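Shown next, in structure tokens, is the structure this report addresses.
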Amino acid sequence: MASPDPSEDVQAAPVPPEPGAPSGVSSWLSLLGAGLGLALVSNAFTPVNSDLGWTLAFGREWANTGVFPQVNDETFTEPGHPLVMYQWAFNVLLYALHARWGAAGVIAAKWGWMALTVAGLAASIRAVATGGLVRMVVLLASVHFMWMGFELVRAQIVSFALIALVVYAGVSGNRRALWISAPLVGLSANFHGGFLAGWFLLAGLCGARMLEARLGWSGEKPPHWSEWTVLPGVAALSSLLTPYGPRLVTETLRLSGDPARLLDREWIPLWSVGTLVYTEKVALVLLALSLLLALVFLPFRRLRLWMLLVLAVGTSLSASRHLRMAPLLLAPVVAVSLEAALARVKTLRMDRLDALAVKLSGVLALALLALWALRVPEALGFIEWPFRNPANAIAVMRLNGLSGRVWNDFDWGGLLLWAAPDSRVACDGRHVMAYSGEMIATNINLGYDKKDPLATVERYGTELVLLRRDDPALPRLTSRFTVLYCDEDACLLSRRPEDIALLREGKLRRPENFLFVSDYFKSARGPDAAWDVTVQKAASRLVSPASRAEL
């Protein structure tokens with residue numbers, strides 16, 4: 001719906017609400033409850049992957065030393081490599097919650113950030129749209145298309161809440177929200193891997209708001225000069241208050257052009273259509289439809305919404321991972337465009353449809369929140385991420401006191417940092433935050449390129465190898481390394497005589513019951529609870545016979 005014309009001198013008399021019509025507060029709570037209920041039901045169960053390992057390991061190191069690490073001392077391939085941990089506060093908070101309540105603390109934090117995100121999303125839609133039907137449809141659609149972004153406990157869920165706050169502050173012009181969001185943007189410079197996109201989002205919204213008012217397009221008084229000059233400066237200066245100071249920004253800018261990012265599939269640009277999966281193609285179509293709707297119906301005077309549209313399309317096309325935050329940017333745009341489109345259909349009784357939508361959102365809120373509440377007792381534990389499982393091979397390391405320089409699969413490095421802190425890894429999921437692009441490429445391409453994998457691991461003085469059972473490098477590595485343990489997913493190899501002696505003498509201990517990655521994160525006691533014999537017996541899951549098989 002187009003903004004009101006500020007040139008009109010005669011204001012229409014307020015229309016009294018119809019009898020039985022819902023109040024503004026009740027309609028707002030119904031809308032928020034429906035959106036939050038859908039988000040919580042869709043993501044009631046929380047899968048866990050290895051990335052949670054390096055997240056908690058960082059918090060554990062800070063808790064033990066009181067110092068934020070500045071170099072990567074947990075690797076043997078690039079010891080002393082500079083470390084810039086963008087999500088430093090998130091890691092520390094998550095470790096504190098896990099140390100107190102185990103998995104339940106981490107999962108509750110995820111639900112809390114989801115609630116903040118949905119609240120910000122609903123508030124931004126409510127700030128630009130007046131109809132209950134449009135508000136409900138756009139909010140539920142946005143939450144639905146964000147479900148994958150909420151799935152894992154990662155720093156991106158904090159970025160989502162922050163993006164929702166910035167968008168709401170910008171489109172509503174709420175001064176308190178603007179001044180709250182400015183320092184938070186600076187403290188989170190990486191902003192979901194968007195590389196300072198958060199600062200440009202805040203500065204762009206402030207500038208567009210000022211321009212709209214100066215041109216008389218918004219019907220608002222021009223904002224105070226500090227709201228479009230000082231606010232972006234506060235955000236920029238706040239980035240210097242992190243434990244990494246200016247490095248947080250300089251490293252962010254440097255890494256934005258590092259080609260090593262493309263080794264992670266999440267950074268594939270969307271114009272590479274041939275490499276996209278089905279869900280990414282569907283998202284690309286929805287992005288195009290949103291763009292088309294805005295081009296036809298979005299009033300050209302809504303500069304802030306046009307800026308959100310450009311940023312949403314640009315970031316989404318640059319990397320597939322940014323599709324997860326696109327609904328936060330597009331929701332106000334789609335809401336205004338949809339209202340403008342419906343306003344052209346004269347036969348619609350929007351007042352009745354809006355009243356019905358408010359009642360329907362209330363029913364949905366009660367039903368969805370009740371359904372989620374029934375799932376809470378079961379949902380306070382992690383579920384397994386459907387990928388290869390190295391948990392039992394790592395348990396063999398811990399049960400037998402095996403540690404050292406471990407050449408590992410890239411995706412398993414985070415779990416090793418958490419579950420086997422006495423060892424040093426080749427690489428882990430922190431990616432270019434902690435490793436050079438060359439090292440990441442060497443680790444990921446081991447066995448897949450033309451280089452001899454044995455020569456590569458020996459060059460770094462590798463003592464243990466932990467790779468997937470079907471890794472193409474394993475046959476070559478077994479010519480120099482001995483297989484200690486193998487199951488359907490992972491194989492553990494060693495070249496140290498004392499480790500091989502344990503195997504040949506029949507003294508190599510194995511877990512009594514089958515372990516999953518989530519077992520290392522369930523207890524507030526830490527990873528040791530996963531391979532504790534008492535806990536294993538309570539689990540009653542037998543180890544697969546494949547663990548006795550040779551490679």
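What follows draws every value from the coordinates through simple rules; no lab data is involved. As the structure is a computational prediction, the values presented were derived from the model and not from experiment. Methodologically, a virtual Cβ is constructed for each residue, glycine included, from the backbone with ideal geometry; neighbour enumeration extends over all protein chains shown.
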Looking at the chain, which longest stretch skips every one of the GluC sites (Glu not before Pro) that is in a DSSP loop with at most 12 other Cβ atoms within 10 Å, leaving the sites themselves out? 9-504
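Quick check on the exposure proxy: order R480, R388 from fewest to most C-beta atoms within 10 angstrom.
Listing R480, R388 from fewest to most nearby Cβ atoms yields R480, R388.
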Taking a label point 7 Å from the Cα of R301 along the Cα→Cβ vector, which residues of region 211-232 have an amide N closer than 12 Å to it? 212-220
Can you pull out the cysteines in the chain that have no other Cys Cβ under 4.7 Å? C206, C427
For the pair E488 and S26, what calculated FRET efficiency results from E = 1/(1 + (r/R0)^6), where r is the Cβ-Cβ distance and R0 = 56 Å, to the nearest 0.05? 0.55
Charge dipole of region 230-320 built from unit charges on the beta carbon (Lys, Arg +1; Asp, Glu -1), centred at mean Cα; most positive-end Cα among A294, V310, L263 is A294
Measuring from the longest principal axis of the C-alpha atoms of the chain, the long axis of helix 278-297 (C-alpha) lies at a number of degrees, nearest 10, equal to 20 degrees
I need the phi-derived Karplus couplings for region 387-396: 6.51 cos²θ - 1.76 cosθ + 1.60, θ = phi - 60°, integer Hz, Gly and Pro marked x. 9, 4, 10, x, 4, 6, 5, 5, 4, 4
Dipole of region 391-548 (Lys/Arg Cβ +1, Asp/Glu Cβ -1, origin at the Cα centre): which of A501, S436, P527 lies farthest to the positive side? A501
For N408, enumerate residues with amide H under 5 Å from its amide H, sequence gap 5+ or separate chain, H modeled in the peptide plane. A426, C427, L466
Hz values of 3J(HN,Hα) by residue in region 63-72 - Karplus curve (6.51, -1.76, 1.60), Gly and Pro given as x: 5, 7, 10, x, 10, 7, x, 9, 10, 8
Got a sec? How would V345, V483 order by Cβ neighbour count within 10 Å, fewest to most? V345, V483
Gyration tensor verdict on region 445-507 (Cα atoms; rounded if a/c is under 1.5, prolate if a/b is larger than b/c, oblate otherwise): oblate
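At a Förster radius of 45 Å, what calculated FRET efficiency corresponds to the Cβ-Cβ distance of R100 and R176, to the nearest 0.05?
Here the calculated transfer efficiency is 0.90.
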Cα axis of helix 197-214 to longest principal axis of the chain: angle in degrees, 0 to 90, nearest 10? 10 degrees
HN-Hα J couplings of region 136-146 from phi, Karplus 6.51/-1.76/1.60, θ = phi - 60°, integer Hz, Gly and Pro as x? 5, 5, 5, 5, 5, 5, 5, 5, 4, 7, 9
Would you mind calculating the relative contact order of region 28-378 from Cα pairs under 8 angstrom and at least 6 residues apart, reporting the percent as a whole number? 26 percent
Looking only at region 391-419, which residues have a backbone nitrogen under 19 Å from a spot 7 Å from the Cα of V71 in the C-beta direction? 405
Scoring region 105-242 by relative contact order with C-alpha pairs under 8 Å, at least six apart, yields a percentage of 23 percent
Pop a pseudo-label 7 angstrom from the Cα along the beta-carbon direction at both R525 and A455 and give the gap in nm to one decimal. 4.8 nm
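What FRET efficiency do you get for H81 and T229 if R0 is 22 Å and r is their Cβ-Cβ distance, rounded to the nearest 0.05?
0.05
Per the helix-only calculation at 222 nm, which mean residue ellipticity applies to the chain, given -39500 (n - 2.57) for every DSSP H run of n ≥ 4 and division by its residues, nearest 500 deg cm²/dmol?
The helix contribution divided over the chain gives -17500 deg cm²/dmol.
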Please report D73, D51 as a ranked list, fewest other C-beta atoms within 10 angstrom at the top and most at the bottom. D73, D51
Label-point separation in nm, A370 to S479, each point 7 Å along Cα→Cβ: 6.8 nm
Amide H contacts under 5 Å for R301, placed H, 5+ residues apart: none
Using DSSP, restrict attention to beta bridges with both residues in the chain and report what percent are antiparallel, rounded to the nearest 5. 55 percent
Residues with amide H under 5 Å of Y485's amide H, sequence separation 5 or more or different chain, H placed in the peptide plane at 1.01 Å from N; which? L492
Relative to the longest principal axis of the C-alpha atoms of the chain, give the angle of the C-alpha long axis of helix 88-101, reported between 0 and 90° and rounded to the nearest 10°. 70 degrees
Once you charge only the Cβ atoms, +1 for Lys and Arg and -1 for Asp and Glu, what is the size of the charge dipole of the chain about its Cα centre, to the nearest 20 debye? 580 debye
Would you calculate the separation in nanometres between label points at L215 and A108, each defined as 7 Å from the Cα along the Cα-to-beta-carbon direction? 4.9 nm
